[in-house]
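The values are calculated or read from the model by the stated rules, or taken from the named source; none is laboratory data. All figures in this text were calculated on a predicted structure; none of them were measured in a lab. In this analysis, Cβ positions are derived from the backbone assuming ideal geometry, glycine residues included, and neighbour counts consider all displayed protein chains. To get the accessible areas, we keep the full protein, side chains included, count just its heavy atoms, and leave off ligands, DNA and RNA. Shrake-Rupley method; radii C 1.70, N 1.55, O 1.52, S 1.80 Å.
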There are 2 protein chains.
Amino acid sequence: MSASPSTLRGVLSPVLTPFEADLPPSVPRFVRHCRALVAQGVGLAVFGTNSEGNSLSVAEKRMLLDALVEAGLPASRMMPGTGTCALPDTIELTRHAVQAGCAGVLMLPPFYYKGVSDEGLYRSFSSVIDAVADPRLRVYLYHIPPVAQVGISLRLIERLLTAYPGVVAGIKDSSGDWNNTNAVIEAFAARGFEVYAGSETFLLQTLRAGGAGCISATANVNGAAIAASAAAWREPGADDRQAALDRVRAAFQKRPMIAAMKAAIATGTGDEGWCRVRPPLVELDAEARRGLDADLDAIGYARPTLGT
Amino acid sequence: MSASPSTLRGVLSPVLTPFEADLPPSVPRFVRHCRALVAQGVGLAVFGTNSEGNSLSVAEKRMLLDALVEAGLPASRMMPGTGTCALPDTIELTRHAVQAGCAGVLMLPPFYYKGVSDEGLYRSFSSVIDAVADPRLRVYLYHIPPVAQVGISLRLIERLLTAYPGVVAGIKDSSGDWNNTNAVIEAFAARGFEVYAGSETFLLQTLRAGGAGCISATANVNGAAIAASAAAWREPGADDRQAALDRVRAAFQKRPMIAAMKAAIATGTGDEGWCRVRPPLVELDAEARRGLDADLDAIGYARPTLGT
């Protein structure tokens, strides 16, 4: 009983969330950025880690998702993050995403308590699935132990996949541990479970092993190239294209990534408002920004213009 | 410019949150438990870590706080947890607590992103204080690195205390590191900054060093004895009383503490509904509960009856 391939496969971006001066989300910038991403073949994993998703209230996330749908962006390409610390919030966001027609949701485990049991995490995910109780729901598990600290074991995936075949649809593996990603693909891909690497660093490896693609922060600022690499992964030159992606990523990864990506978009669009982040993050200082610019210029990187 | 001593000094409890069968909070059980705690001389640090506070939505926390005030419980003894990952949520909860007349709020730093800078944390706390903009606000910083992972440094306290004297009122130190608690007391207590140990394990040491008391999970189930020890800390027998507190704590600490304390209240009140926890936590299984009961019986511990 394996699900048919989703409309999400390939490359998605945890879409950066732009802010206005007093830090409400900036809807016009957000819609414009999402439109540019979709045009590049990049799906919309809004409200992820690099989206500052957990720095947004439930009401803000509902509002932003509604704004995207109203702007005509395709829900078939959306995988909003809906996992929070509080069960009622996760249920509300997940239900809202399903009702908006989103192809999937990316669900963090509750991440405040550390060292919790697989039984407790199973109950967390199953409580949400049971409460939403909608056959359209597709859950992508979000495994990001470096940040959430609470991870998703192979045993937990097995149990969830057996209990909710077709609903538990895949995973984003941001462990940074290829052995784990490969083990998940080997164990579950044959059952239609879609495995996304947590960055394009593992894109080629993931696709070659039978995974579905990647959900990568850098797709915010290098989306066209990452999507092209994913589309042509079987064709000659794939390793060279992967190496080019890695060079761009390295320049961003040397700095606080969210602030660095926002700075690159600010430069590309001429809109300095793009630099804003919510606390506890801070924007790049002038020196860090000069360093980023120098590194990006050295590799001939063209900043995003978001279609202007 | 040191503040006058607060009405909170002594012993507070991160009040356990009871749930109904489908896991909404149980208001009647909550009010009754809070009433029993106050009668024992224990203040109400509702929505803390041992309250499953981060497993509650903003609306649920507002509702529960309103229920306590409506039930006539004294806001002068309340220090609700209001720190979340999302700035708008923290502002909303903090504002609500101030408007309810709470003597203070216990504020976690935003805890999703790890390795954030003191500058980012300073902006987090100062954004909340500036947004609430109420002279009645008293912020107690919540330092609990074993769970939140994001801690509060002495340098950050110094900066906040200098910028917001009288508003930044104290700290709960749940590091479990006496050297840190002692350093905070030595650096800031003379300025009226109230230092609460994160458990009664350090109660006597904290009071002797010039701290304000403790905010301890076990005060949910051993409140009268902990409050009595705090009140009589200068009198003969203080070390023996501390040793007795430690024996009770040890029995609870050997198990998942929240589930164990709820089980003890379930036994004491005869109300098995008290055992419920929200995912990702799980209740004690039968074997763990038998072990807890045996340990508690061995030390002659009397379970809480909540005034019945």
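Just a few scattered comments:
- Under 15 Å from A:LYS114, Cα to Cα: aspartates and glutamates that are on another chain or at least 8 residues apart: B:GLU52
- Carbon/sulfur fraction of accessible area - the range B:2-118, other protein chains in place, 1.4 Å, %: 52
- Computed on chain A, with alpha-carbon pairs under 8 angstrom and 6+ residues apart, the relative contact order is 19 percent.
- Rounded if a/c under 1.5, otherwise prolate or oblate - the range B:263-308, Cα gyration tensor axes: oblate
- Whole-percent P(r), chain A, all Cα pairs, 20 Å bins from 0: 36, 59, 5.
- Per residue, the convex hull volume that the Cα atoms of the range A:159-308 enclose (Å³): 144
- Rounded to the nearest 10 degrees, the inclination of helix B:154-163 to the longest alpha-carbon principal axis of chain B is 60 degrees.
- Over all distinct Cα-Cα pairs of the range B:226-308, the Kirkwood formula returns a hydrodynamic radius of 13.8 Å.
- Legend: residue pairs A:LYS61/B:LYS61; A:LYS61/A:LYS262; B:LYS61/B:LYS172; A:LYS262/B:LYS172, Cα-Cα distance threshold 28 Å; pairs beyond threshold, A:LYS262/B:LYS172.
- Cα convex hull volume per residue for the range B:1-69 (Å³): 113
- Pairs of alpha carbons in the range B:146-241 whose separation is greater than 19 Å (percent): 42
- Most mobile of A:GLU186, A:GLU92, A:GLU235 in a GNM of chain A (Cα contacts under 10 Å): A:GLU235
- Using Cβ point charges alone (K and R +1, D and E -1), the dipole size of the range B:167-295 about the Cα centre works out to roughly 160 debye.
- Think of a 1.4 Å ball rolled over the protein heavy atoms: the range B:114-273 then has 36 Å² of accessible area per residue.
- Descending Cα extents along the principal axes, the protein assembly as shown, whole Å: 83, 56, 39
- For the range A:171-260, relative contact order (Cα pairs under 8 Å, six or more residues apart, normalised by length) works out to 23 percent.
- Every helix of 4 or more DSSP H residues in chain B counts as -39500 (n - 2.57), and over all residues that averages to -14000 deg cm²/dmol at 222 nm.
- Judged by the gyration tensor of its Cα atoms, with axes a ≥ b ≥ c, the range B:16-142 is prolate; a/c meets the 1.5 cut and a/b is the larger of a/b and b/c.
- The spread of Cα positions in the range B:32-101, taken along each principal axis and listed from longest to shortest, comes to 35, 24, 15 Å.
- Principal-axis analysis of the Cα atoms of chain A puts helix A:178-188 at an angle of about 40° to the longest axis.
- With respect to chain B, whose longest principal axis is taken over its alpha-carbon atoms, helix B:27-39 is tilted by about 80°.
- Peptide A:102-114 - average C-beta neighbours from other chains (10 Å radius): 3
- Across A:SER13, A:SER55, A:SER174, mean-square fluctuation computed from a Gaussian network of chain A (C-alpha pairs under 10 Å connected) peaks at A:SER55.
- Taking the range B:75-120 and dividing mean pair separation by its residue count, relative contact order in percent (alpha carbons under 8 Å, at least six apart): 47
- For the range B:190-279: rounded, prolate or oblate by the Cα gyration tensor [a/c cutoff 1.5]: prolate
- Minimum 50 Å² accessible area buried by the other protein chains, the range A:272-308 residues, probe 1.4 Å, relative to alone: A:PRO279, A:PRO280, A:VAL282
- Surface composition of the range A:169-286: carbon plus sulfur atoms hold 50% of the accessible area, using a 1.4 angstrom probe and ignoring ligands, DNA and RNA.
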